[in-house]
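The values are calculated or read from the model by the stated rules, or taken from the named source; none is laboratory data. Keep in mind that what you see is a predicted model, and the values were worked out from it rather than measured. FYI the Cβ positions are ideal-geometry reconstructions off the backbone, even for glycines, and counts take in every protein chain you see. Note: accessible area is taken over every heavy atom of the protein model, side chains too, but ligands, DNA and RNA are not part of it. Shrake-Rupley method; radii C 1.70, N 1.55, O 1.52, S 1.80 Å.
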Amino acid sequence: MSRFIPLSIPNFEGNEKRYVDDALEQGWVSTGGAYITKLEQMLAEFLHTENVAACQSGTAALHLSLVEAGVKPGDVVLVPPLTFIAAVNPVRYQFATPVFIDCDDSLCMDPLKLKKFCEEECTFSDNVLYYQGNPVKAAIVVHVFGNMADMEKIMETAGSYNLKVIEDATEALGTYYTEGKYTGKYAGTIGHFGAYSFNGNKIITTGGGGAVTANRSETVDHIRYLSTQAKDDPHYYIHHEVGYNYRMTNLQAALGAAQMEELPEFIRRKQANFELYKELLGDSAYGRLLEFREGTVSNKWFYSLEINRNQIGASMREIITALEKRGIQTRAVWGLINEQKPYENEITYQLEKAPYYASRILNLPSSTQITEEEIQYVAVHVKEVFNEVASV
Ligand SMILES: *Cc1c(COP(=O)(O)O)cnc(C)c1O
(Lines give C-alpha, C1' and ligand atoms only; values in the text may rest on other atoms or scores of the structure.)
Protein backbone atom coordinates (compact mmCIF):
# COMPACT_ATOMS: atom_id res chain seq x y z
CA MET A 1 0.00 0.00 0.00
CA SER A 2 1.65 3.23 -1.12
CA ARG A 3 0.16 5.60 1.34
CA PHE A 4 1.85 8.86 2.29
CA ILE A 5 0.70 11.15 5.07
CA PRO A 6 2.88 14.26 5.11
CA LEU A 7 3.89 16.07 8.28
CA SER A 8 2.54 19.44 7.22
CA ILE A 9 1.69 20.79 3.78
CA PRO A 10 0.07 24.05 2.69
CA ASN A 11 -3.61 24.25 1.81
CA PHE A 12 -4.85 26.34 -1.14
CA GLU A 13 -8.57 25.63 -1.20
CA GLY A 14 -9.65 29.27 -1.37
CA ASN A 15 -9.04 32.35 -3.52
CA GLU A 16 -5.26 31.92 -3.78
CA LYS A 17 -5.07 31.48 -7.58
CA ARG A 18 -7.60 34.24 -8.20
CA TYR A 19 -5.77 36.84 -6.09
CA VAL A 20 -2.30 35.95 -7.37
CA ASP A 21 -3.57 36.13 -10.96
CA ASP A 22 -5.10 39.48 -10.14
CA ALA A 23 -1.79 40.81 -8.80
CA LEU A 24 -0.03 39.57 -11.94
CA GLU A 25 -2.60 41.17 -14.21
CA GLN A 26 -2.26 44.47 -12.39
CA GLY A 27 1.49 44.24 -12.81
CA TRP A 28 2.09 44.84 -9.12
CA VAL A 29 4.44 42.00 -8.23
CA SER A 30 7.07 43.64 -6.07
CA THR A 31 7.15 45.57 -2.77
CA GLY A 32 4.31 47.93 -3.68
CA GLY A 33 0.65 47.13 -4.28
CA ALA A 34 -2.80 46.98 -2.74
CA TYR A 35 -2.60 43.38 -1.50
CA ILE A 36 0.20 44.27 0.93
CA THR A 37 -1.97 46.90 2.60
CA LYS A 38 -4.96 44.59 2.46
CA LEU A 39 -3.07 41.76 4.17
CA GLU A 40 -1.77 44.17 6.82
CA GLN A 41 -5.31 45.32 7.53
CA MET A 42 -6.65 41.77 7.65
CA LEU A 43 -3.95 40.80 10.13
CA ALA A 44 -4.53 43.87 12.30
CA GLU A 45 -8.26 43.19 12.38
CA PHE A 46 -7.81 39.50 13.14
CA LEU A 47 -5.31 40.20 15.93
CA HIS A 48 -7.28 43.15 17.34
CA THR A 49 -4.21 45.32 17.03
CA GLU A 50 -3.79 48.70 15.44
CA ASN A 51 -0.94 48.32 13.04
CA VAL A 52 0.90 45.43 11.36
CA ALA A 53 3.81 45.60 8.91
CA ALA A 54 4.15 42.79 6.37
CA CYS A 55 7.69 41.68 5.64
CA GLN A 56 9.71 39.03 3.87
CA SER A 57 9.97 36.41 6.58
CA GLY A 58 9.47 35.72 10.24
CA THR A 59 13.23 36.01 10.61
CA ALA A 60 13.13 39.53 9.12
CA ALA A 61 10.25 40.39 11.49
CA LEU A 62 12.35 39.29 14.46
CA HIS A 63 15.42 41.12 13.20
CA LEU A 64 13.51 44.39 12.74
CA SER A 65 12.04 43.98 16.24
CA LEU A 66 15.53 43.69 17.72
CA VAL A 67 16.72 46.73 15.76
CA GLU A 68 13.72 48.71 16.98
CA ALA A 69 14.20 47.46 20.55
CA GLY A 70 17.62 49.11 20.44
CA VAL A 71 19.64 45.91 20.69
CA LYS A 72 23.23 46.83 19.93
CA PRO A 73 26.56 45.00 19.65
CA GLY A 74 27.55 43.53 23.01
CA ASP A 75 24.03 43.66 24.49
CA VAL A 76 22.54 40.52 25.98
CA VAL A 77 19.26 39.00 24.75
CA LEU A 78 17.54 36.18 26.64
CA VAL A 79 16.47 33.39 24.31
CA PRO A 80 15.05 29.85 24.30
CA PRO A 81 17.17 26.76 23.63
CA LEU A 82 14.37 24.50 22.35
CA THR A 83 12.94 26.04 19.19
CA PHE A 84 13.78 26.76 15.57
CA ILE A 85 17.18 28.45 15.26
CA ALA A 86 15.64 31.40 13.36
CA ALA A 87 14.39 32.72 16.71
CA VAL A 88 17.99 33.25 17.86
CA ASN A 89 20.00 34.05 14.70
CA PRO A 90 18.77 37.69 14.54
CA VAL A 91 20.46 38.29 17.92
CA ARG A 92 23.74 37.58 16.15
CA TYR A 93 22.79 39.80 13.20
CA GLN A 94 22.92 42.62 15.77
CA PHE A 95 26.25 41.34 17.16
CA ALA A 96 24.50 40.85 20.49
CA THR A 97 24.95 37.89 22.84
CA PRO A 98 22.25 35.30 23.47
CA VAL A 99 21.83 33.73 26.91
CA PHE A 100 19.73 30.56 26.84
CA ILE A 101 16.97 30.30 29.46
CA ASP A 102 15.27 26.94 30.06
CA CYS A 103 11.70 26.11 29.02
CA ASP A 104 8.97 24.73 31.29
CA ASP A 105 6.51 21.91 30.53
CA SER A 106 4.73 24.13 27.99
CA LEU A 107 8.01 24.07 25.97
CA CYS A 108 7.97 27.89 26.18
CA MET A 109 10.34 30.03 28.29
CA ASP A 110 10.16 29.18 32.00
CA PRO A 111 8.96 32.42 33.63
CA LEU A 112 10.37 31.45 37.03
CA LYS A 113 13.85 30.78 35.68
CA LEU A 114 13.68 34.00 33.71
CA LYS A 115 12.90 35.88 36.92
CA LYS A 116 15.54 34.02 38.89
CA PHE A 117 18.16 34.74 36.25
CA CYS A 118 17.40 38.47 36.41
CA GLU A 119 17.31 38.48 40.22
CA GLU A 120 20.29 36.33 41.01
CA GLU A 121 22.66 36.54 38.06
CA CYS A 122 22.25 40.18 37.06
CA THR A 123 22.49 43.64 38.61
CA PHE A 124 19.94 46.39 38.06
CA SER A 125 21.03 50.01 38.17
CA ASP A 126 19.69 53.21 36.59
CA ASN A 127 16.85 51.19 35.10
CA VAL A 128 19.27 48.95 33.18
CA LEU A 129 19.79 45.26 33.84
CA TYR A 130 23.40 44.12 33.51
CA TYR A 131 24.77 40.64 33.03
CA GLN A 132 28.56 40.37 33.37
CA GLY A 133 28.80 44.10 32.70
CA ASN A 134 26.65 44.10 29.55
CA PRO A 135 23.11 45.52 29.26
CA VAL A 136 20.34 42.91 29.03
CA LYS A 137 17.98 44.56 26.57
CA ALA A 138 15.36 42.04 25.57
CA ALA A 139 13.89 38.56 25.80
CA ILE A 140 12.68 36.59 22.79
CA VAL A 141 9.73 34.48 23.88
CA VAL A 142 8.56 31.77 21.47
CA HIS A 143 5.01 30.42 21.60
CA VAL A 144 6.17 26.93 20.72
CA PHE A 145 3.92 24.89 18.39
CA GLY A 146 1.09 27.40 18.93
CA ASN A 147 1.13 27.09 22.71
CA MET A 148 0.98 30.43 24.55
CA ALA A 149 3.94 31.17 26.83
CA ASP A 150 3.08 32.33 30.35
CA MET A 151 2.88 35.97 29.33
CA GLU A 152 1.52 37.30 32.64
CA LYS A 153 4.58 36.25 34.59
CA ILE A 154 7.00 37.05 31.78
CA MET A 155 5.65 40.60 31.34
CA GLU A 156 5.83 41.15 35.08
CA THR A 157 9.52 40.27 35.18
CA ALA A 158 10.17 42.28 32.02
CA GLY A 159 8.47 45.26 33.67
CA SER A 160 10.60 44.95 36.80
CA TYR A 161 13.85 44.92 34.85
CA ASN A 162 13.01 47.15 31.89
CA LEU A 163 13.34 44.39 29.32
CA LYS A 164 11.73 44.53 25.90
CA VAL A 165 9.71 41.40 25.17
CA ILE A 166 9.76 40.18 21.59
CA GLU A 167 7.12 37.54 21.07
CA ASP A 168 8.02 35.02 18.43
CA ALA A 169 4.45 34.18 17.43
CA THR A 170 5.55 32.62 14.14
CA GLU A 171 3.86 29.34 15.13
CA ALA A 172 0.97 30.86 17.07
CA LEU A 173 -1.10 33.00 14.72
CA GLY A 174 -4.60 32.78 16.20
CA THR A 175 -3.71 31.69 19.75
CA TYR A 176 -5.30 33.91 22.43
CA TYR A 177 -6.08 34.19 26.14
CA THR A 178 -9.55 33.44 27.46
CA GLU A 179 -8.68 34.01 31.13
CA GLY A 180 -6.61 36.31 33.28
CA LYS A 181 -5.10 39.72 32.75
CA TYR A 182 -4.71 39.28 29.00
CA THR A 183 -8.16 37.86 28.23
CA GLY A 184 -8.90 38.36 24.54
CA LYS A 185 -5.26 39.16 23.73
CA TYR A 186 -3.58 37.31 20.88
CA ALA A 187 -0.09 35.82 20.92
CA GLY A 188 2.20 38.49 19.51
CA THR A 189 0.15 41.44 20.76
CA ILE A 190 1.05 41.27 24.47
CA GLY A 191 4.77 42.04 24.52
CA HIS A 192 6.52 45.06 23.00
CA PHE A 193 6.88 43.32 19.64
CA GLY A 194 5.25 40.35 17.93
CA ALA A 195 6.63 38.45 14.93
CA TYR A 196 4.64 36.18 12.60
CA SER A 197 5.75 33.86 9.79
CA PHE A 198 4.02 32.72 6.63
CA ASN A 199 6.60 30.17 5.59
CA GLY A 200 5.29 27.07 3.79
CA ASN A 201 4.91 24.99 6.95
CA LYS A 202 3.11 27.60 9.07
CA ILE A 203 -0.66 27.80 9.64
CA ILE A 204 -1.02 30.18 6.71
CA THR A 205 1.59 30.70 4.03
CA THR A 206 2.67 33.28 1.49
CA GLY A 207 5.42 31.01 0.20
CA GLY A 208 7.83 32.93 2.34
CA GLY A 209 6.79 35.92 4.37
CA GLY A 210 6.16 37.38 7.77
CA ALA A 211 4.71 40.28 9.69
CA VAL A 212 5.48 42.32 12.74
CA THR A 213 3.40 44.24 15.21
CA ALA A 214 4.29 46.35 18.25
CA ASN A 215 2.58 47.88 21.25
CA ARG A 216 2.87 51.35 19.72
CA SER A 217 1.51 52.07 16.25
CA GLU A 218 4.32 54.54 15.47
CA THR A 219 6.85 51.79 16.16
CA VAL A 220 5.23 49.64 13.48
CA ASP A 221 5.35 52.59 11.08
CA HIS A 222 9.05 52.94 11.73
CA ILE A 223 9.59 49.21 11.21
CA ARG A 224 7.77 49.46 7.87
CA TYR A 225 10.04 52.36 6.97
CA LEU A 226 13.16 50.38 7.86
CA SER A 227 11.87 47.42 5.82
CA THR A 228 11.72 49.54 2.65
CA GLN A 229 15.35 50.79 2.69
CA ALA A 230 14.40 53.69 4.99
CA LYS A 231 13.25 55.82 2.10
CA ASP A 232 12.21 59.23 3.35
CA ASP A 233 10.65 60.60 0.22
CA PRO A 234 8.44 58.98 -2.43
CA HIS A 235 10.17 60.65 -5.38
CA TYR A 236 13.75 61.51 -4.44
CA TYR A 237 16.29 59.17 -2.97
CA ILE A 238 16.59 60.61 0.51
CA HIS A 239 17.54 58.26 3.37
CA HIS A 240 18.15 59.24 6.99
CA GLU A 241 18.81 55.76 8.31
CA VAL A 242 20.25 52.42 7.26
CA GLY A 243 17.31 50.42 5.96
CA TYR A 244 16.68 46.85 4.88
CA ASN A 245 15.11 45.17 1.88
CA TYR A 246 12.66 43.30 4.10
CA ARG A 247 9.30 44.31 2.67
CA MET A 248 6.80 41.66 1.57
CA THR A 249 5.95 41.57 -2.14
CA ASN A 250 2.45 42.09 -3.53
CA LEU A 251 2.51 38.58 -5.04
CA GLN A 252 3.14 37.08 -1.61
CA ALA A 253 0.50 39.32 -0.05
CA ALA A 254 -2.10 38.23 -2.65
CA LEU A 255 -1.53 34.66 -1.52
CA GLY A 256 -1.67 35.83 2.10
CA ALA A 257 -4.99 37.67 1.71
CA ALA A 258 -6.58 34.46 0.41
CA GLN A 259 -5.03 32.45 3.23
CA MET A 260 -6.31 34.90 5.84
CA GLU A 261 -9.85 34.28 4.60
CA GLU A 262 -9.34 30.60 5.40
CA LEU A 263 -7.47 30.98 8.68
CA PRO A 264 -10.49 30.47 10.98
CA GLU A 265 -11.31 27.23 9.16
CA PHE A 266 -7.67 26.07 9.30
CA ILE A 267 -7.65 26.67 13.07
CA ARG A 268 -10.96 24.84 13.49
CA ARG A 269 -9.55 21.80 11.68
CA LYS A 270 -6.28 21.85 13.65
CA GLN A 271 -8.29 21.91 16.87
CA ALA A 272 -10.66 19.10 15.81
CA ASN A 273 -7.75 16.95 14.60
CA PHE A 274 -5.97 17.44 17.91
CA GLU A 275 -9.04 16.21 19.78
CA LEU A 276 -9.17 13.11 17.59
CA TYR A 277 -5.46 12.38 18.11
CA LYS A 278 -5.98 12.81 21.84
CA GLU A 279 -8.87 10.40 21.85
CA LEU A 280 -6.87 7.80 19.93
CA LEU A 281 -3.40 8.24 21.44
CA GLY A 282 -4.14 10.08 24.66
CA ASP A 283 -2.14 8.86 27.60
CA SER A 284 -0.55 5.45 27.21
CA ALA A 285 2.35 3.60 28.73
CA TYR A 286 4.36 4.68 25.70
CA GLY A 287 3.65 8.35 25.57
CA ARG A 288 1.25 11.22 25.88
CA LEU A 289 0.08 14.02 23.67
CA LEU A 290 1.25 17.37 25.05
CA GLU A 291 -1.63 19.66 25.98
CA PHE A 292 -1.93 23.37 25.31
CA ARG A 293 -2.07 25.99 28.08
CA GLU A 294 -5.25 26.25 30.10
CA GLY A 295 -7.02 29.60 29.91
CA THR A 296 -6.13 30.00 26.25
CA VAL A 297 -7.50 28.97 22.89
CA SER A 298 -4.59 27.65 20.87
CA ASN A 299 -4.33 27.45 17.09
CA LYS A 300 -2.97 23.93 17.79
CA TRP A 301 -0.52 24.30 14.93
CA PHE A 302 1.63 21.24 15.69
CA TYR A 303 1.00 18.10 17.74
CA SER A 304 3.68 16.73 20.04
CA LEU A 305 3.80 13.21 21.34
CA GLU A 306 6.04 12.89 24.39
CA ILE A 307 7.66 9.47 24.27
CA ASN A 308 8.05 7.60 27.54
CA ARG A 309 11.75 6.85 27.58
CA ASN A 310 11.36 4.30 30.39
CA GLN A 311 9.24 2.17 28.07
CA ILE A 312 10.84 2.89 24.72
CA GLY A 313 14.57 2.50 24.41
CA ALA A 314 14.66 2.93 20.63
CA SER A 315 16.24 6.07 19.22
CA MET A 316 14.06 8.76 17.68
CA ARG A 317 15.64 7.93 14.33
CA GLU A 318 14.48 4.30 14.57
CA ILE A 319 10.94 5.36 15.41
CA ILE A 320 10.78 7.91 12.60
CA THR A 321 12.17 5.42 10.06
CA ALA A 322 9.69 2.72 11.12
CA LEU A 323 6.81 5.16 10.68
CA GLU A 324 8.19 6.37 7.36
CA LYS A 325 8.07 2.77 6.07
CA ARG A 326 4.37 2.83 6.86
CA GLY A 327 3.89 6.05 4.90
CA ILE A 328 3.74 8.36 7.90
CA GLN A 329 5.99 11.40 7.97
CA THR A 330 6.92 12.48 11.50
CA ARG A 331 9.67 14.63 12.90
CA ALA A 332 11.88 14.84 15.96
CA VAL A 333 11.75 18.12 17.81
CA TRP A 334 14.64 20.54 17.09
CA GLY A 335 18.15 19.94 18.34
CA LEU A 336 18.97 22.36 21.15
CA ILE A 337 20.18 25.67 19.72
CA ASN A 338 22.86 26.03 22.38
CA GLU A 339 24.36 22.76 21.10
CA GLN A 340 24.52 23.94 17.47
CA LYS A 341 27.95 24.97 16.26
CA PRO A 342 27.42 28.76 16.14
CA TYR A 343 26.10 28.80 19.71
CA GLU A 344 27.97 26.02 21.51
CA ASN A 345 30.09 28.45 23.53
CA GLU A 346 27.23 30.66 24.69
CA ILE A 347 25.95 30.80 28.24
CA THR A 348 23.01 28.66 29.29
CA TYR A 349 20.95 29.02 32.43
CA GLN A 350 19.67 25.96 34.29
CA LEU A 351 18.75 23.91 31.22
CA GLU A 352 16.82 20.87 32.47
CA LYS A 353 13.46 20.67 30.74
CA ALA A 354 14.79 21.64 27.30
CA PRO A 355 17.23 18.69 27.02
CA TYR A 356 14.57 16.45 28.58
CA TYR A 357 11.99 17.27 25.92
CA ALA A 358 14.54 17.47 23.09
CA SER A 359 15.04 13.71 23.24
CA ARG A 360 11.40 12.82 23.73
CA ILE A 361 9.15 14.72 21.37
CA LEU A 362 7.80 13.33 18.14
CA ASN A 363 5.71 15.64 15.96
CA LEU A 364 2.75 14.00 14.24
CA PRO A 365 1.17 14.81 10.84
CA SER A 366 -0.80 18.02 11.25
CA SER A 367 -1.83 19.32 7.81
CA THR A 368 -5.28 20.91 7.65
CA GLN A 369 -6.19 18.44 4.86
CA ILE A 370 -5.56 15.33 6.92
CA THR A 371 -8.68 13.15 7.12
CA GLU A 372 -10.15 11.36 10.12
CA GLU A 373 -9.32 8.07 8.48
CA GLU A 374 -5.68 9.14 8.10
CA ILE A 375 -5.47 10.18 11.75
CA GLN A 376 -6.86 6.77 12.71
CA TYR A 377 -4.22 5.14 10.49
CA VAL A 378 -1.47 7.22 12.16
CA ALA A 379 -2.69 6.30 15.65
CA VAL A 380 -2.84 2.57 14.90
CA HIS A 381 0.63 2.53 13.40
CA VAL A 382 2.25 4.72 16.05
CA LYS A 383 1.02 2.23 18.65
CA GLU A 384 2.22 -0.73 16.60
CA VAL A 385 5.66 0.79 16.10
CA PHE A 386 5.94 1.59 19.80
CA ASN A 387 4.99 -2.00 20.66
CA GLU A 388 7.65 -3.27 18.28
CA VAL A 389 10.47 -1.07 19.52
CA ALA A 390 9.57 -1.01 23.22
CA SER A 391 12.43 -2.45 25.18
CA VAL A 392 10.92 -4.83 27.69
C1 LIG B 1 9.27 29.53 11.28
C2 LIG B 1 9.90 30.11 12.47
C3 LIG B 1 10.69 31.27 12.41
C4 LIG B 1 11.14 31.91 11.13
O5 LIG B 1 10.18 32.25 10.23
P6 LIG B 1 10.60 32.36 8.68
O7 LIG B 1 9.42 33.00 8.06
O8 LIG B 1 10.87 30.98 8.19
O9 LIG B 1 11.81 33.23 8.62
C10 LIG B 1 11.17 31.80 13.59
N11 LIG B 1 10.92 31.23 14.77
C12 LIG B 1 10.20 30.09 14.87
C13 LIG B 1 9.91 29.53 16.22
C14 LIG B 1 9.68 29.49 13.73
O15 LIG B 1 8.97 28.35 13.84
(request) Would you be so kind as to identify which of Gly210, Ala69, Phe386 lies farthest towards the positive end of the dipole of the chain, taking Lys and Arg as +1 and Asp and Glu as -1 on Cβ and the Cα centre as origin? (result) Phe386
(message) I'd like the carbon and sulfur percentage of the solvent accessible area for the chain, probe radius 1.4 Å, heavy atoms only, ligands and nucleic acids excluded.
(response) 49
(request) For Lys202, go through the lysines and keep the ones whose alpha-carbon is under 23 Å away, minus same-chain ones fewer than eight residues off. (result) Lys17, Lys38, Lys185, Lys270, Lys278, Lys300
(message) Not counting ligands, DNA or RNA, and with a 1.4 Å probe, what is Asp283's accessible surface area in Å² rounded to the nearest 10?
(response) 130
(message) I want to check the label-to-label distance for Arg18 and Gln350. Put each point 7 Å from Cα in the C-beta direction and report it in nm to one decimal.
(response) 5.4
(request) Net charge near Lys38: determine it from the other residues with C-beta under 13 Å of the C-beta of Lys38, scoring Lys and Arg +1 and Asp and Glu -1. (result) -4
(message) Given the whole protein assembly as supplied and a 1.4 Å probe, what does the accessible area of Cys103 come to in Å², nearest 10?
(response) 0
(request) Give, rounded to the nearest 20 debye, the magnitude of the charge dipole that the chain has about its Cα centre when Lys and Arg contribute +1 at Cβ and Asp and Glu contribute -1 at Cβ. (result) 540
(request) Compute the label zone of Glu339 within segment 354-372: residues whose backbone N is under 19 Å from the point 7 Å along Cα-to-Cβ. (result) 354-363
(request) Give the calculated FRET efficiency between Tyr237 and Ser30 to the nearest 0.05, with a Förster radius of 22 Å applied to their Cβ-Cβ distance. (result) 0.85
(message) Taking the solvent-accessible surface of protein heavy atoms with a 1.4 Å probe, what is the per residue accessible area of segment 16-259 in Å²?
(response) 39
(message) Just the number please: accessible area per residue for segment 263-391, 1.4 Å probe, all protein chains included, in Å².
(response) 46
(request) Place +1 on the Cβ of every Lys and Arg and -1 on the Cβ of every Asp and Glu in the chain, take the dipole about the Cα centre, and give the residue among Gln329, Ile36, Thr348 whose Cα lies farthest towards its positive end. (result) Gln329
(message) With 32 Å as the cut-off, how large is the P(r) tail for the chain, expressed as percent of Cα-Cα pairs?
(response) 36
(request) Report the extension gain between Glu261 and Glu279 in nm, rounded to one decimal, defined as 0.36 nm multiplied by the number of residues separating them, less their alpha carbon distance. (result) 3.5 nm
(request) For segment 291-342, state which GluC sites (Glu not before Pro) are in a DSSP loop and have at most 15 other beta carbons lying within 10 Å of their beta carbon. (result) Glu291, Glu294
(request) Sort Ser8, Ser2, Ser367 from largest to smallest accessible area, using a 1.4 Å probe on the heavy atoms of the protein chains. (result) Ser2, Ser8, Ser367
(request) With runs of 4+ DSSP H residues as the only contributors, calculate the mean residue ellipticity of the chain at 222 nm using -39,500 (n - 2.57) per run, divided by the residue total and rounded to the nearest 500. (result) -11000 deg cm²/dmol
(request) Would you mind estimating how fast segment 263-391 diffuses translationally, via Stokes-Einstein at 10 °C and 1.306 mPa s with the Kirkwood radius over Cα pairs, in µm²/s? (result) 100
(message) Going Cα to Cα from Lys113, which lysines come in below 20 Å? Please leave out same-chain ones fewer than 8 positions away.
(response) Lys137, Lys153, Lys164, Lys353
